[in-house]
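Trainee: Take this structure, written in structure tokens, and hold onto it; I'll ask about it next.
The values are calculated or read from the model by the stated rules, or taken from the named source; none is laboratory data. Computed from a predicted model, the values in this text were never measured in an experiment. In this analysis, Cβ positions are derived from the backbone assuming ideal geometry, glycine residues included, and neighbour counts consider all displayed protein chains.
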Amino acid sequence: MNSFNIRIEGTLRPGMRTHASSHTQFRAGLRVRGASALPPTRLLAFLNAERHTGSMSVETYKTSLPEKPSTEDTDLHPEQLLRIAKGFSRVFWGIPITILLFIEIPDTQFIHQIRLPTYVLGVILMYSGFSLFKRVKSASARWRSLLRFGVSMLFLQVYFAPFVYWWRNNSFSDYHLYNILMLIGCMMILLIVINRMTGELGDQVKDRVFRIESNLCVIAVILLMVLPFAAIAGYSILGTFRFGTSLHMELVHTHRGLANWIHALFLMPITFTMIVSWKAKELCLEKLKILAVFSSEKWKRMDGHTGSSY
């Protein structure tokens, strides 16, 4: 272990103690073993602590100080973590608003004769969350790629919005119904993008468990939602060519043949995506709390050892 000599000169104040001398003027030569492992500011604090406590090793002093969170835990700055937390919070609330309004309240009158599909309100809320993601400059290239793809899915959902109203007025139009199916497909792809982005966040903050959870949610969306939807839509479209019926009739016939538990499985990936979105927000807030605690408590314990200085 490295060591070096330190020579300290000064004037004793009343009530000041030193192990080297009790005279008014003092000179002391200290040989501190292992002191080269301490920065200069902490070395001075160590000498003050040693004067008050009588004896303290460098190792004991180092363990008495609060540990600084490693900068390698995340490449994201506090303000970026806050933006991501706010973004996933808006995504969390935007998902159920979009789904519920799409199913229960397809459209509403906006201005005079202009009608607006209500699910667009949820899409706008999610886009506001994605706009916060855009301001995270230190994100990975994969994050930015997923962000651009997710924004394109949101814009496509707005593009297909008029077809919801038109289809409600003419439900037997295959053209409108095909567009509705593409709208639902965009919603499913958006769920995959959101889960992928939470996984990228797990990589950024070095949380391997959260990354695995996000990957499992991606698999759940594909197995429980995308594949069954593709099978139902494909089977119905095939029926239109075989029997010459409308797509609406084939979808209704196929839907009636499904068991209720299949409908429940179909909704589970939506719940999973909301869960990981909320956990992503909480993960960012947890990182912020760690940084805040360290910044406020950084030198409190050290200041207890450095009540006075030479």
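Trainee: If you check M274 against the conditions, is it modelled with pLDDT of 95 or more and assigned to a helix (DSSP H, G or I)? Show your work before the answer.
Mentor: On the way: modelled with pLDDT of 95 or more: yes; assigned to a helix (DSSP H, G or I): yes.
Here the answer is yes, as M274 does meet what is asked.
Trainee: Provide a single number: the residues in region 244-263 that are assigned to a loop (DSSP other than H, G, I, E, B) and either at positive phi or surrounded by 15 or more Cβ atoms within 10 Å (Cβ to Cβ) (or both). Steps first, answer last, please.
Mentor: In the first step, residues of region 244-263 are kept if they are assigned to a loop (DSSP other than H, G, I, E, B); the result is 244-246, 257-259.
Applying the additional criterion that residues be either at positive phi or surrounded by 15 or more Cβ atoms within 10 Å (Cβ to Cβ) (or both) yields 244, 246.
Final tally of qualifying residues: 2.
Trainee: For region 217-250, give me each residue that is out of contact with any Gly (no Cβ under 9 Å at 6 or more places or on another chain) and touching a residue at least 40 places away in the same chain (Cβ under 8 Å).
Mentor: Here is the first cut: in region 217-250, the ones out of contact with any Gly (no Cβ under 9 Å at 6 or more places or on another chain) are 219-225, 227-228, 231-232, 234-244, 246, 248.
Selection gives A220, V221, L224, M225, T240, S246, H248.
Trainee: Continuing with this model, one more query. Looking at region 212-243 only, could you name the residues that are touching an Asp or Glu at 6+ places or on another chain (Cβ under 6 Å) and either surrounded by 17 or more Cβ atoms within 10 Å (Cβ to Cβ) or not assigned by TED's automatic domain parsing to the domain that holds G185 (or both)?
Mentor: S236, G239
Trainee: Is region 176-193 home to any residue that is surrounded by 15 or more Cβ atoms within 10 Å (Cβ to Cβ), closer than 24 Å to A231 by Cα and in contact with a Gly (Cβ under 8 Å, 6 or more places away or on another chain)?
Mentor: Yes, because at least one residue in region 176-193 is surrounded by 15 or more Cβ atoms within 10 Å (Cβ to Cβ), closer than 24 Å to A231 by Cα and in contact with a Gly (Cβ under 8 Å, 6 or more places away or on another chain).
Trainee: If the requirement is being touching a Cys at 6+ places or on another chain (Cβ under 7 Å) and of a type outside the set (S, T, N, Q), which of these qualifies: M153, M187, M197? Full working, then the answer.
Mentor: Values: M187 fails: touching a Cys at 6+ places or on another chain (Cβ under 7 Å); M197 fails: touching a Cys at 6+ places or on another chain (Cβ under 7 Å).
Step by step, each of M153, M187, M197 is checked, and only M153 is touching a Cys at 6+ places or on another chain (Cβ under 7 Å) and of a type outside the set (S, T, N, Q).
Trainee: Kindly check whether there is at least one residue in region 186-193 that is under 19 Å from K86 (Cβ atoms) and in a helix (DSSP H, G or I). First the steps, then the outcome.
Mentor: Initially, region 186-193 is screened for residues under 19 Å from K86 (Cβ atoms), giving 190, 193.
If we keep only those that are in a helix (DSSP H, G or I) too, we end up with 190, 193.
Scanning region 186-193, I find at least one residue that is under 19 Å from K86 (Cβ atoms) and in a helix (DSSP H, G or I), so the answer is yes.
Trainee: Any idea how many residues of region 133-154 are closer than 18 Å to K206 by Cα, surrounded by 14 or more Cβ atoms within 10 Å (Cβ to Cβ) and of a type in the set (G, A, S)?
Mentor: Total meeting the criteria: 2.
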